[in-house]
There are 2 protein chains.
Amino acid sequence: MGKSMGDHVLSQDDINKLMVDKAKTGKKVVRLKGGDPYVFGRGSEEALFIKENGLEFETLPGLTSGIVCLNTAGIPASHRNMATSISFITGHRSENQNEDFKKYAKLPGTLVFYMGLKNLPNIIKDLIAGGIKKDKKIAIISNGSSPKQKVYTSTVEKVLEEIDLEKIKRPAIIVVSDTVGLREYLNYFENKNFGKKIALTRDYESTIKDKEKLEDLGFDVKIVPTIKILEKNTDLLEEKFKDFSYDYLVFTSKNAVKIFFDKLIENHDIRDIGKVKIAAIGEKPKRNRKI
Amino acid sequence: MGKSMGDHVLSQDDINKLMVDKAKTGKKVVRLKGGDPYVFGRGSEEALFIKENGLEFETLPGLTSGIVCLNTAGIPASHRNMATSISFITGHRSENQNEDFKKYAKLPGTLVFYMGLKNLPNIIKDLIAGGIKKDKKIAIISNGSSPKQKVYTSTVEKVLEEIDLEKIKRPAIIVVSDTVGLREYLNYFENKNFGKKIALTRDYESTIKDKEKLEDLGFDVKIVPTIKILEKNTDLLEEKFKDFSYDYLVFTSKNAVKIFFDKLIENHDIRDIGKVKIAAIGEKPKRNRKI
């Protein structure tokens, strides 16, 4: 279950009610969330609601964006003699809560603001009022950990004039830390292929592995199938299986190998094709069934 | 690679050097760490050392104990109107750094101290000097997320008199947060089987699945094999495979099924046993090869 189901966006109350209603019919309900359920995920509210309704739950910890996006941006959350604590802070606040940000100004560690882009002018104002070092480094990580990741860096004093916040794509998190300077050395993620797009035009099944390999190299890959593999003559094949009397079986494509054996084991077993000699043309058909 | 290899414990310098030396021989080196490499893991120091030596690296984010152990202790890291930030703080400090803790006293969120058990008296003293609410709740999570997890709760004011720190087993993390109070409702992890130990006496392979099932139920399970499955007469089997002329093949144990077919596919293929009729006694042998 997620916040948006089809075209509808459910309110938190709707989600709570839906979870409990489904669970009460005897179903196991999985509430899938991005990040960690207890880090600004409202997971604790949902868990309490479940308990109040006499039901049981389990929670699984997850990787929150403050951990993941700093990693892929090459900004260590902690570093000896540079950052001895890490604070995750909700960046959107009601008006009267804004002054809270002052309290973080003098911590000897890394500050990570979630959902703070719109409120950044207030955050900066309060951090400065709280006495933060004005040349403290700041980074805004947009689309972190995805091939669209973009990292903007500046200082607390200059960020509002140097970076046009309107242009930054969301989701984005904000990092205030001396460790932002280490990004220069630790940015392993944004390599030379970053931001380059590749379309693969074969069928999904044939290209999914290529997609993964290319993504590992940093490309932004989409599968846009322009062909489709269809089964043909499988009735005839089934007929032949019943009394298989060939001496040689020659495969010319890996798709044929897959279809042949998938079909065979549907109603038969490999012994039904007896002692036929099997040949394959090319490397791929061979690999496909370790012939 | 880990900090302790065999009986020896490597220093950080030794680890750095070992990684780089091995990598320079052309090997890919995996540095495996508990938690997240950038959360007090010295991962950034290691990565910088690798870079300085002209080598490349990648880092993978991980689940840090501040996330995992709070989850299994039923203490939400954040909760609306109760904790709007989460700070991970190294609890061991050199003498002159101790006063840092004062700065965390008035944050409107959850404080998680790593490696702070020994230094807890100083942490408490500084938090109180910094103006923390004295009835703020505190939890010490020992062996978090394991079947040996034990959680001690108190308040900032009373923790040092109420809890005997000497008795707490490490590793332990300390949580200072109003959300500690929610543990009463959200503790799903420490169930009725918690702390109960079970020994399984069959061979490892036969019991590993039972072990996992029992662990899911909360038991502390060890496999202590008192029997061992050995192959016998496999030369004879190999002889028979060469000219297999039986009409029936009857299996009486799942181990026999495994050994028979493992041996068969070593040098032959299932077609070599031709159209023999296969029978199995009991449910397990059948399941073992989907006969």
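Every number in this text was worked out from the coordinates using simple rules, so none of it is lab data. These figures come from a predicted structure and were not determined experimentally. When we count neighbours, we look across all protein chains shown, and the Cβ atoms used for this are built from the backbone with ideal geometry, even at glycine.
With everything on Cα atoms, drop me the angle between helix B:120-129 and the longest principal axis of chain B, reported from 0 to 90° to the nearest 10.
Tilt relative to chain B: about 40 degrees.
Quick query: amide H of residue B:40 versus all other amide H atoms, modeled in the peptide plane; which residues come in under 5 Å with a sequence gap of 5 or more or a different chain?
A:78
Residue by residue through the range B:198-204, what is 3J(HN,Hα) from phi via Karplus (6.51 cos²θ - 1.76 cosθ + 1.60, θ = phi - 60°)? Round to whole Hz and write x for glycine and proline.
Computed from phi, the couplings for the range B:198-204 are 10, 10, 10, 9, 6, 5, 3 Hz.
Rounded to the nearest 10 degrees, what's the angle between the helix B:43-52 long axis and the longest principal axis of chain B, both from Cα atoms, 0 to 90?
Between helix and principal axis, roughly 80 degrees.
Please list, in chain and number order, the residues 5+ apart from residue B:279 or on another chain whose amide H is under 5 Å from its amide H, with Hs placed from the backbone.
Placed amide hydrogens put B:249, B:250, B:251 under 5 Å from residue B:279.
From other protein chains only, count the Cβ atoms within 10 Å of every residue's Cβ in B:44-57, then give the mean.
Details: counts 13, 3, 0, 6, 5, 0, 3, 5, 1, 0, 0, 0, 2, 2.
Mean partner shielding for this stretch: 3.
Report the residue, chosen from A:36, A:164, A:13, that carries the largest GNM mean-square fluctuation when chain A is represented by alpha-carbon nodes joined by springs under 10 Å.
A:13
Could you quickly flag the chain B residue whose beta carbon comes closest to the rotation axis taking B to A, and that distance in whole angstrom?
It is B:87, 2, counting Cβ atoms only.
Which Cα, out of A:104, A:144, A:206, lies furthest along the positive dipole direction of chain A (beta carbon charges, K/R +1, D/E -1)?
A:206
Most exposed first by the Cβ proxy, i.e. fewest other Cβ within 10 Å, how do A:151, B:250, A:221 rank? Spell out each step's value before the answer.
Working: A:151 22, B:250 12, A:221 19.
Ordered by Cβ neighbours within 10 Å, fewest first: B:250, A:221, A:151.
Can you list which of the GluC sites (Glu not before Pro) found in the range A:191-281 are DSSP loop residues with at most 14 other C-beta atoms within 10 Å? Numbers along the way, then the final one.
Numbers: sites: A:205, A:212, A:215, A:231, A:238, A:239, A:266; in loops: A:231.
For GluC sites (Glu not before Pro) across the range A:191-281 that sit outside H, G, I, E and B with at most 14 neighbouring Cβ atoms in 10 Å, the list reads A:231.
Could you list B:168, A:270 in order of exposure, starting from the residue whose Cβ has the fewest other Cβ atoms within 10 Å?
Details: B:168 17, A:270 12.
Ordered by Cβ neighbours within 10 Å, fewest first: A:270, B:168.
Using Cα pairs closer than 8 Å and at least 6 residues apart in sequence, work out the relative contact order for chain B, in percent. All intermediate terms of the calculation are to be shown ahead of the outcome.
On the way: 437 pairs, mean separation 35.2, N = 291.
Across chain B, relative contact order equals 12 percent.
Under the rule of at least 5 residues apart or a separate chain, name every residue whose amide H is placed under 5 Å from the amide H of residue A:196.
Amide H neighbours of residue A:196: A:220.
Can you list which of the trypsin sites (Lys or Arg not before Pro) found in the range B:154-239 are DSSP loop residues with at most 14 other C-beta atoms within 10 Å? Intermediate results must be reported in sequence, preceding the final value.
Values: sites: B:158, B:167, B:169, B:183, B:192, B:196, B:197, B:202, B:209, B:211, B:213, B:222, B:228, B:232; in loops: B:158, B:169, B:192, B:196, B:202, B:228, B:232.
Hits after loop and neighbour filter: B:158, B:169, B:192, B:196, B:228, B:232.
Aspartates and glutamates near residue B:196 by alpha-carbon distance under 18 Å, same-chain residues fewer than 8 away left out - which ones?
Residue B:196 reaches B:210, B:212, B:215, B:216, B:220.
Using a 7 Å offset from Cα along the direction of the beta-carbon, what are the separations from residue A:238 to the same position in each other copy, nm, ascending?
Output for residue A:238: 4.3 nm, nearest copy listed first.
Can you find, among B:221, A:160, A:48, the residue farthest towards the positive end of the dipole of the protein assembly as shown? Put +1 on the C-beta of Lys and Arg, -1 on that of Asp and Glu.
B:221
May I ask you to list the GluC sites (Glu not before Pro) in the range A:10-84 that are in a DSSP loop and have at most 13 other Cβ atoms within 10 Å of their Cβ?
Numbers: sites: A:45, A:46, A:52, A:56, A:58; in loops: A:56, A:58.
Loop-located and lightly packed - A:56, A:58.
Computed FRET efficiency, Cβ-Cβ of residue A:208 and residue A:253, R0 25 Å: what is it to the nearest 0.05?
Values: r = 18 Å, r/R0 = 0.70.
Result of the calculation: an efficiency of 0.90.
Magnitude of the Cβ-charge dipole of the range A:128-179, K/R +1 and D/E -1, about the Cα centre, nearest 20 debye?
Working: 10 positive and 7 negative charges, 45 e Å.
So the magnitude is around 220 debye.
Place the label 7 angstrom along Cα→C-beta at residue B:82 and in each other copy, then list the distances from the first to the rest in nm, shortest first.
3.6
Please state the Cα pair-distance histogram of the protein assembly as shown with 20 angstrom bins from zero: what percent is in each bin?
Once binned at 20 Å, the Cα pair distances of the protein assembly as shown give 15, 39, 33, 12, 1.
At 7 angstrom along the Cα-to-beta-carbon line, where would the label on residue B:130 sit relative to the other copies? Give the distances in nm, shortest first.
Output for residue B:130: 1.1 nm, nearest copy listed first.
I need the phi-derived Karplus couplings for the range B:230-237: 6.51 cos²θ - 1.76 cosθ + 1.60, θ = phi - 60°, integer Hz, Gly and Pro marked x.
10, 7, 9, 6, 6, 5, 4, 4
Go through the range A:144-150 residue by residue and turn each phi into a ³J(HN,Hα) via Karplus (6.51, -1.76, 1.60, θ = phi - 60°); whole Hz please, and just put x for glycine and proline.
Result, rounded to whole Hz: x, 6, 10, x, 9, 3, 9.
Provide the FRET efficiency to the nearest 0.05 for the residue A:279-residue A:60 pair, computing r from the beta carbons and using R0 = 45 Å. Could you put the intermediate results ahead of the total?
Details: r = 49 Å, r/R0 = 1.10.
For R0 = 45 Å, the calculated efficiency reads 0.35.
Å³ per residue of the Cα convex hull, for chain B? Before the final figure, lay out each step's value.
On the way: hull volume 66.5 nm³, N = 291.
Dividing the Cα hull volume of chain B by its residues yields 228 Å³.
Just want the ordering: A:124, A:75, A:140, from fewest to most Cβ atoms lying within 10 Å of their own Cβ.
A:124, A:140, A:75
For residue A:51, put the label point 7 Å out on the Cα→Cβ axis and report which residues of the range B:105-140 keep their amide N under 20 Å from it.
B:109-112, B:136-140
On alpha carbon coordinates alone, what is the Rg over Rh value for the range B:82-238, Rh being the Kirkwood radius?
Numbers: Rg = 22.5 Å, Rh = 18.4 Å.
Rg divided by Rh gives 1.22.
Once both axes come from the Cα atoms, what is the angle between helix B:254-267 and the longest principal axis of chain B, in degrees from 0 to 90, rounded to 10?
70 degrees
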